[in-house]
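Written below as structure tokens is the structure these notes are about.
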Amino acid sequence: MAHLIKMKFPVVPVFILILFTCVVSAIWFISPSDKNTGPKTWSAFIYNHGYDSGKYKKTDNFDSYETCRDFAREQSAFYDDVPWECGSMCQFDTRKQGFQCKEMKNER
């Protein structure tokens with residue numbers, strides 16, 4: 001006669017696998033990396049108190065690096081040739097308390 005072997009359903013490993021899948025999915029959906037929220041725009045950062053001061057004047061919505069650069073050069077000259085940079089697709093980072101840009105340039 002054949003003996004029937006009862007197998008227990010592995011509740012704990014399945015629960016852990018489902019929990020792990022949920023955590024990984026949440027982290028993946030929340031992470032901001034590589035999310036393009038709109039057209040590529042440039043922002044000018046004019047460091048009129050010096051580069052390391054943390055104070056700057058920011059002007060947004062330039063269509064190209066060249067227009068941002070020209071504006072930044074004019075502002076830099078107005079403030080006695082202070083440092084400047086142009087950044088593309090900048091967003092405020094609450095963790096770092098500052099703007100983070102996909103790309104920063106300063107080609108004089």
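Over the Cα atoms of the stretch 42-105, what is the Rg over Rh ratio if Rh follows Kirkwood? A ratio of 0.96.
Take each peptide in 78-84, 21-27, 8-14, count the other Cβ atoms within 10 Å of every residue, and average; sorted highest first, the result is 78-84, 21-27, 8-14. In this entry, the chain is assigned a mean projected area of 11.5 nm², taken as a quarter of its C-alpha convex hull surface.
Taking 4.7 Å between beta carbons as the limit, the unpaired Cys residues of the chain are 22.
Read the figures in this text as sums done on the coordinates, not as results from a lab. The model shown is predicted, which means the values in this text are computed figures rather than measured ones. Here Cβ is always computed from backbone atoms with ideal geometry, including for glycine, and neighbour counts include all displayed protein chains.
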